[in-house]
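A.B. asks: Before anything else, here's the structure in question.
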Amino acid sequence: MGNKIKLLDQDVVHKIAAGEVIVSPTNALKELIENSLDAGSSSIQVVCKDGGFKLLQITDNGNGIDDDDLPLLCQRFATSKISAFEDLETVSTLGFRGEALCSISHVAHLSVKTKVSTSSTATVATFGDSKLLSTKKCAGVQGTQVSVEDMFYNIPLRLKALRSKSNSDGAEYQKILDVVTKYAIMYPGTFSCKRVQDSQPFVIPAGPPKEKMKRIFGAGVFKNLLDLNIELADGEPGSEFGLKAVSGCITSLNYPSKKSTPYIFFINKRLVSCDPLSRAIRKVYQDHMPKSSSHAVVFLSIELKSENIDVNVHPTKREVRFLYEDEIVDIISQKITKELTKSSDSRDYSVQS
Ligand code: ADP
Ligand code: MG
């Protein structure tokens, strides 16, 4: 006799799925920052307690959420951003799966305070296991504040595993700060981040990427930053691979660094990891500098034809797949080689003259 197959309870299904979407405080933070950006925010403030495990709070000045939409807010696959599968090809918002808030409501205590411009009052709503639990009217300003408390309180194993990996509050906070600073470089608005016990937040004022990098990495990095720009019109060599543009900043060969800073890549405004590109760029620096001090600061915003990218590879959207990866990595690393050697040639020249 076979084993009896039965459908899992919706609640169990959600909890299993939630563990895949929300894997850590930093990845919850990424989802919440992306929601704020999708809502058109120009100011995003992050407060956390105990590395985000006790509290993760994101306040934005975006569109806000209508009272009518609150019952659907934490339903799985409920989204205001797409309606057909084909929309994924042209989706311009960072979110589209309608899973983040749902997942958070299954692994933490979630409350949302929000106000739209057409309403005179704000609403505070609490959620649990996909459901709206309570609402209350209160005074407030336009925008949304999402508070996530006691993350993974109901998944003790996950909590324990994450906690034992990094044992100091400082290390956890650094990861949170890393996420905030990456988005701050890419997006022009003001970002700030603090721990509850800090009297002042770390503020990254609105401005272009280079100014943000100055604030984040300091003057030493800033004065060695080279601009990197590629623009390919339709029909130009390289454009056949779907590459439209690259813009960013990289440290020059005059900046030997023993400290490794992960390269920052955005593809079509999405924060992604791209190992082949990291490897290729690392090799360029290593070929031109002593290996032990060849760490560079690299920020690249890459624009590809949207029909060439699959954004729906992974629930956390950490990866995207795109066509002609090798060719595109080649074009970018060749350009980096050119800019680096050009700037070091001109330095030699100015020393000689
Ligand atoms: P997704 O972003 O994939 O749509 P989420 O679960 O992250 O799914 O969010 C569900 C919906 O809640 C969004 O589609 C959006 O309409 C609304 N929302 C979430 N966060 C915000 C926010 N900070 N400001 C305004 N609306 C928001
Ligand atoms: Mg989202």
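The values are calculated or read from the model by the stated rules, or taken from the named source; none is laboratory data. Predicted model only: the values in this text are computed from it and were never measured. With ideal geometry, Cβ positions are generated from the backbone for all residues, glycine too; neighbour counts draw on all protein chains shown.
A.B. asks: Do you know which residues across segment 123-133 are surrounded by 20 or more Cβ atoms within 10 Å (Cβ to Cβ) and within 12 Å of LEU70 (Cβ to Cβ)?
C.D. replies: If the condition is that a residue be surrounded by 20 or more Cβ atoms within 10 Å (Cβ to Cβ) and within 12 Å of LEU70 (Cβ to Cβ), then THR123, ALA125, PHE127 are the ones that fit.
A.B. asks: Go through (1) under 26 Å from LEU340 (Cα atoms); (2) part of a helix (DSSP H, G or I) one by one and return the number of the condition GLY170 breaks.
C.D. replies: It fails just one condition, (1).
A.B. asks: Okay, next question. Considering only residues that are aliphatic (A, V, I, L, M) and more than 11 Å from ligand 1 (Cβ to nearest atom), look in segment 100-114 and name the one that is nearest to ARG318 (Cα to Cα).
C.D. replies: The qualifying residue nearest to ARG318 (Cα to Cα) is VAL107.
A.B. asks: Now a separate question. Looking at LEU88, LEU70, LEU56, which one is in contact (Cβ under 8 Å) with a residue 24 or more places away in the chain, within 24 Å of VAL179 (Cα to Cα) and not in a loop (DSSP other than H, G, I, E, B)?
C.D. replies: One residue alone meets the criteria, LEU56.
A.B. asks: Still on this structure, I have one more. Going by what's in this entry, would SER80 be described as outside any strand (DSSP E or B), within 12 Å of ligand 1 (Cβ to nearest atom) and closer than 18 Å to LYS131 by Cβ?
C.D. replies: Taking the combined requirement at face value, the residue does not satisfy it.
A.B. asks: Going through LEU37, LEU88 one at a time, which residue ends up being within 16 Å of ligand 2 (Cβ to nearest atom), within 19 Å of the chain's Cα centre (by Cα), surrounded by fewer than 16 Cβ atoms within 10 Å (Cβ to Cβ) and among the aliphatic types (A, V, I, L, M)?
C.D. replies: Only one candidate qualifies: LEU88.
A.B. asks: Collect the residues in segment 222-263 that are of a type in the set (A, V, I, L, M) and either touching a residue at least 24 places away in the same chain (Cβ under 8 Å) or outside any loop (DSSP other than H, G, I, E, B) (or both), keeping them in residue-number order.
C.D. replies: Once the filter is applied, which keeps residues that are of a type in the set (A, V, I, L, M) and either touching a residue at least 24 places away in the same chain (Cβ under 8 Å) or outside any loop (DSSP other than H, G, I, E, B) (or both), segment 222-263 yields LEU225, LEU226, LEU228, ILE230, LEU243, ALA245, VAL246, ILE250, LEU253.
A.B. asks: Also: Do the conditions hold for LYS214, that is, is it in contact with a Phe, Trp or Tyr (Cβ under 7 Å, 6 or more places away or on another chain) and free of Cβ contacts under 8 Å to residues at least 24 places away in the same chain?
C.D. replies: Yes.
A.B. asks: Which of (1) over 30 Å from ILE16 (Cβ atoms); (2) in a strand (DSSP E or B); (3) at pLDDT below 95 is the odd one out, the single condition LEU271 does not satisfy?
C.D. replies: In the conditions (1) over 30 Å from ILE16 (Cβ atoms); (2) in a strand (DSSP E or B); (3) at pLDDT below 95, LEU271 misses (1) alone.
A.B. asks: Search segment 95-116 for residues being of a type in the set (A, V, I, L, M, F, W, C) and under 17 Å from the mean Cα position of the chain (by Cα), and hand back the single one that is farthest from ligand 2 (Cβ to nearest atom).
C.D. replies: Among residues in segment 95-116 that are of a type in the set (A, V, I, L, M, F, W, C) and under 17 Å from the mean Cα position of the chain (by Cα), the one farthest from ligand 2 (Cβ to nearest atom) is ILE104.
A.B. asks: May I ask you to verify whether LEU94 is outside any strand (DSSP E or B), outside the structural domain of LYS269 (by TED's automatic domain parsing) and in contact with a helix residue (DSSP H, G or I) (Cβ under 9 Å, 6 or more places away or on another chain)?
C.D. replies: Yes, satisfied.
A.B. asks: Taking the conditions exactly as written (in contact with a helix residue (DSSP H, G or I) (Cβ under 7 Å, 6 or more places away or on another chain), in a loop (DSSP other than H, G, I, E, B) and aliphatic (A, V, I, L, M)), does ALA280 satisfy them or not?
C.D. replies: no
A.B. asks: For segment 237-293, how many residues are closer than 30 Å to LYS317 by Cα, over 25 Å from the mean Cα position of the chain (by Cα) and among the hydroxyl-bearing types (Ser, Thr, Tyr)?
C.D. replies: Matching residues across segment 237-293 total 2.
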